[in-house]
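One structure is given here, and the rest of the page talks about it.
Values in this text are rule-based calculations from the coordinates and carry no lab data. What you are looking at is a predicted structure, and each value in this text was computed from that prediction instead of being measured. Cβ coordinates were reconstructed from backbone atoms using ideal geometry, including for glycine residues, and neighbour counts include every protein chain displayed.
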Amino acid sequence: MRLSSPNLTHNCLKIALFTLSLLLISLNVSTAQDAETAVDTAAAPEQAADSVNIAPLPASNIKAIDLPNDNGGAVFISWELSPDDDGNGKVSGYLVQRSESKDGPFETAGKAVRGATKFTDNKTNDDKIYFYKVEAYLEYLDAAGEKVRITSAATVTGPVQSSAQWFNMNRLYVLLFLLFVAGAIMFYIEKAKKGDEIYIRKIAGIDAVDEAVGRATEMGKKIFYIPGIQDMNDVQTIASIAILGRVAQMAAEYDTWLEVPVSKSMVLVTAREAMKEAYTKVGRPDALQDSQVHYLTDDQFGYAAAIDGMIVREKPATIFYMGAFFAESLILAETGNSVGAIQIAGTAMPAQLPFFVAACDYTLIGEELFAASAYLSREPRQLGSLKGQDMGKGLFILCIIVGVILATLNIWDMSVIFVSR
Amino acid sequence: METVSIWIAAILTLGIFSFLYKDNPLYKACEALFVGVSAAYWAIVFYFDNIYKKFYEGAVTAEEPDYFLWIGAILGLLFLTRLIPNIGWVSRWPMALIVGATAGLWMVGYFVSNAMNQIGNTISNIIVRDAATGFIAWGETFGTLVILVGVLSGLVYFFFSKEHKGVFGATAKVGTWFLMVTFGASFGYTVMSRMSLLIGRVDFLLGDWLHILR
C-alpha cells in the first residue's frame, strides 16, 4: 500500500502529537515522583534522629580474667556482641570500664571497635582487684553538630586480679625443641671428648684463611681484621672474636702484622683479650702490641671512611670482614678490592651478604660464620656443638616434611606449634 | 649562618666524593674531621645517656634510687682495671658477664624468630585452591612449592657434619642456587635504595647549594 503525500503529513502530525502528549504525561509523573521523594527526604532526618536516639542493647556474657602467660599487669576481658551490633550502625563500639569497687566509680580502661569481642587492659596493678563493665555505645552528631554518645546498660563483672605467671605455656614447644637441640649438642660434645671422630665438611671460605694469612706473610704486608659495627651484645660479633683468635694465632706464628680497627669500646677490650690469648698460645706474647687493636669511632660511616683511608694508604694484603655489617659493607669491600687485597667476609646480615659475595674472594654465608670457629679450632667441644646443631636442623626438616603432608591432606595444621603467639 | 653550614656541608660532601678519584689531602682532612667529630659526639652521647641520665639521675639523685644500677656501675669500673697491670685480669669478669648474658638472652629470641617461626610459616597446604571457585590456583601452588623446596634445600646446604655428595650434595646444590637468586634480588633492591641516597646528596649539591635545581 502506498501512502499519498497529504496522508503521510497527517499521520506524521498525529504521531508527533501523540509523542508530545506522552512526553508531557511522563514529565508530570516524574515531577510528582520527585515531589514525593523530596517529601520523603525531608522526613528522613527526623526518622534518623529518632532511630539514633535509642541506646543500643547491652553486650552479654562479660568475663574478665587475668591475662594468661604474661608477666602481670594485664586483665583480659571478653563479651558477646550486643544484639544491635549487626553492622547496621546501631553500635559504634564498646567502652570497657574499670573500677576498684563494684559500685564504682568506673573509669574508661579503653575502647573496642564494633564487632570486637575482647579487650586487654594492660594498665592494671597486680596488688589491686578490679571490676569491669562493658557498655555498647552509639555516637552521632546532633543538630548542632555536637558529638553525642549513648551507652547501653551494663552488668558489672569481677573481681579480678592480674598476676604474673612463671611459665609461658605458649612457648612450651620452644622449650621442647630447645631441649632437643641442647641435648643433641651435649651428647655430641661428650662423644667428641671421648675421642669419636666428627666429620665437618669443607667450607671454602674458612679453608682460605690459611692461604690469606700466608699470602700476607709472603708479601710482607698487613692483615686487616674488621669485626663489624655491632657491640658485644651481638652474636655475630662474638663469633667474629672467636675467629679473630684463630687468625691472630696464625698471624703470630707467621710473624705477620694483624691490625684490628674497631668501632665499639667493648669490642676493643674483647678483641685485645682474644689477641693476647692467641699470641700467648703460640708462645709469642711479647710480639703483641696494644696498637694492633685500636678504636676509630662509633659512627657507622665515620668508621667506614677511616677504614677506607687506611686500606688505600697501607694496602693490606688480606682483609677479613667478620661480624655484623650494614650499609658500609660494599664501601669497605669495594675499597679492599680496589687495592688487590684477598678478602674473606662472613656475616649473617641477609641484606649485606650479596655485596660481600660480589666484592670478596670468599664469603661465609650466615651460619657458616658461626661454624667457622669450630672448623678452624677443631676443638672437640665446638665440633660436637656443630654436630648437635645439625641434628636440630635434621629434626626441623623432618617436621617441615611431615607438617606439609599433614596440612595437604587436611589432617592437622602442625604450624600452630611453631608460630609464636 | 645557614648559608655557612650549607657551604661546609657541600665542601665536606665533595671532599668525601673525591675519594672516587683517589686518596687526596681533601679526603684525608674530611676523614679526620668525620672520625674525630663523630667519636667526640658519641662519647658525649654515651656519657650523657648512660652515666648521667641513667646512672647519676637514677641511682644517685633520684628520690627512690634504683640500687641495681650500682651493679652496672661497678662492673663498668672493673673494666678500668685494665689500666693497672697487676689487677688487669679483673676486667675479664664484666666481659665474661656480657658475653655470657648476651648469648643466653639471645638464645630464645633467635631460636623463635630464626627457626620456629620460619618453620611454622613454611608448613602449609601445598595445593592452594581459589577461595571463590574452589579450583586449584596454579600460581599460588607453584609459589608454595618453590618456598618449600627452597627452605628444605637451603637447610641441607647448611649441614656441616655430612659430606655434600650424592642426593644430599645435589639438594645442597639446589640450596646454593636458591641462595644466589635471593642474593641477586637483594643486591638489586639494595643498590636501588643506595641510588636514592646518592640522588639525595646530588639534590643537596645542585639544589640547596648551587640553586640549579628548584
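The fewest-to-most ranking of A:ASP413, A:ASP290 by surrounding Cβ atoms within 10 Å reads A:ASP290, A:ASP413. Scanning residues 5 or more positions from A:MET322 or on other chains, those with amide H under 5 Å from its amide H are A:ILE226, A:GLY228, A:GLY346, with H placed 1.01 Å from N in the peptide plane.
The DSSP beta bridges internal to the protein assembly as shown are antiparallel in roughly 60% of cases.
The label point for B:ARG92 and the one for A:LYS194, both projected 7 Å from the Cα toward the Cβ, are 3.1 nm apart. Taking the C-alpha atoms only, the angle from helix B:138-157 to the longest principal axis of chain B is near 60 degrees. Under 5 Å from the amide H of A:VAL148 lie the amide H atoms of A:TYR140, A:LEU141, A:ASP142, each residue being 5 or more positions distant or on a separate chain, with H modelled from the backbone and absent for Pro and chain starts. Is the C-alpha gyration tensor of region A:168-230 telling us rounded, prolate or oblate? Criteria: a/c under 1.5 is rounded; beyond that, a/b larger than b/c is prolate, otherwise oblate. Taking the square roots of the gyration eigenvalues as a ≥ b ≥ c, region A:168-230 is oblate. Distance between the 7 Å Cα→Cβ label points at B:TRP70 and B:LEU14: 5.9 nm.
What does the charge add up to near A:LYS191, with Lys and Arg as +1, Asp and Glu as -1, over the other residues with Cβ less than 10 Å from its Cβ? Please list the in-between numbers first.
Values: positive: A:LYS193, A:LYS194, A:LYS387; negative: A:GLU190, A:ASP196, A:GLU197.
With Lys, Arg at +1 and Asp, Glu at -1, the neighbours total 0.
Scalar couplings 3J(HN,Hα) for region B:30-38, obtained by applying the Karplus form with A = 6.51, B = -1.76, C = 1.60 to θ = phi - 60°, are 5, 4, 4, 5, 4, 5, x, 5, 5 Hz; x denotes Gly and Pro. As a proxy for reagent exposure, ranking A:MET391, B:MET180, B:MET116 by other Cβ atoms within 10 Å from fewest up yields B:MET180, A:MET391, B:MET116.
Overall shape: oblate for chain B, with the ratio a/c of the largest to smallest alpha carbon gyration tensor axis at 1.5 or above and b/c at least equal to a/b.
Each of B:HIS211, B:HIS164, A:HIS294 was scored by other Cβ atoms within 10 Å of its Cβ. Arranged with the fewest first, they read B:HIS211, A:HIS294, B:HIS164.
One Cα centroid belongs to region B:3-39, the other to region A:180-249; the line between them spans 37 Å.
Computed over neighbours whose Cβ is under 10 Å from that of B:HIS164, the net charge equals +4, Lys and Arg +1, Asp and Glu -1. Each of B:ILE44, B:ILE127, B:TRP209 was placed along the dipole of chain B (beta-carbon charges, centred on the mean Cα), and the one lying farthest toward the positive end is B:ILE127. By the helix-only formula, in which each DSSP H run with n ≥ 4 contributes -39500 (n - 2.57) and the sum is divided by residues, chain A has a 222 nm mean residue ellipticity of -16000 deg cm²/dmol. Residue by residue, region B:53-64 carries 3J(HN,Hα) couplings of 5, 7, 7, 5, 6, x, 10, 10, 9, 5, 5, 10 Hz when phi is fed to the Karplus relation 6.51 cos²θ - 1.76 cosθ + 1.60 (θ = phi - 60°); x denotes Gly or Pro. Seen from A:SER240, the other residues with C-beta closer than 12 Å to its C-beta sum to a net charge of 0, counting Lys and Arg as +1 and Asp and Glu as -1.
Kindly identify region B:124-214 as rounded, prolate or oblate by the Cα gyration tensor criterion: order the square roots of the eigenvalues as a ≥ b ≥ c, call it rounded if a/c is under 1.5, otherwise compare a/b with b/c, prolate if a/b is larger, else oblate. The shape class here is oblate.
For a protection proxy built on the mean count of beta-carbon atoms within 10 angstrom, sort A:96-109, B:77-90 highest first, please. Please report the intermediate quantities before stating the final value.
Working: A:96-109: 15.1, B:77-90: 12.6.
In descending order of packing, they fall as A:96-109, B:77-90.
Listed values for region B:78-86 are Karplus-derived 3J(HN,Hα) couplings in whole Hz (6.51 cos²θ - 1.76 cosθ + 1.60, θ = phi - 60°), namely 4, 4, 6, 5, 4, 6, 10, x, 5, and x replaces Gly and Pro.
Give the average, rounded to an integer, of partner chain Cβ atoms located within 10 angstrom of each Cβ in A:173-185.
Numbers: counts 2, 5, 1, 0, 5, 6, 0, 0, 3, 1, 0, 0, 0.
Whole-number average of other-chain Cβ neighbours for A:173-185 is 2.
Spatially, region A:114-166 and region B:120-199 are offset by 46 Å when compared through their Cα centroids.
For chain A, the membrane-span-like helices by this rule, meaning whole DSSP H stretches whose C-alpha atoms cover at least 20 Å of axis and whose Kyte-Doolittle mean is -0.5 or above, are A:5-52, A:172-193, A:204-219, A:235-254, A:265-281, A:300-314, A:380-408; this says nothing about an actual membrane.
Using a cutoff of 8 angstrom between alpha carbon atoms and counting only pairs six or more residues apart, the relative contact order for region A:116-170 works out to 39 percent. Axis of helix B:92-110 versus longest Cα principal axis of chain B: the two differ by about 30°, to the nearest ten degrees. Relative to the Cα centre, the charge distribution of region B:124-214, modelled as +1 at Lys and Arg Cβ and -1 at Asp and Glu Cβ, gives a dipole magnitude of about 240 debye.
Let me check against my output: what whole-number percent is the relative contact order of region A:233-323, with C-alpha pairs under 8 Å and at least 6 apart?
Numbers: 83 pairs, mean separation 32.0, N = 91.
Reported relative contact order: 35 percent.
When only C-alpha pairs under 8 Å and at least 6 residues apart count, what is the relative contact order of region A:60-160, in percent? The partial results should precede the final answer.
On the way: 213 pairs, mean separation 30.0, N = 101.
The value is 30 percent.
A straight Cα-to-Cα reach below 25 Å connects A:LYS118 with the lysines A:LYS63, A:LYS90, A:LYS102, A:LYS128, A:LYS133, residues fewer than 8 places away in its own chain not being considered.
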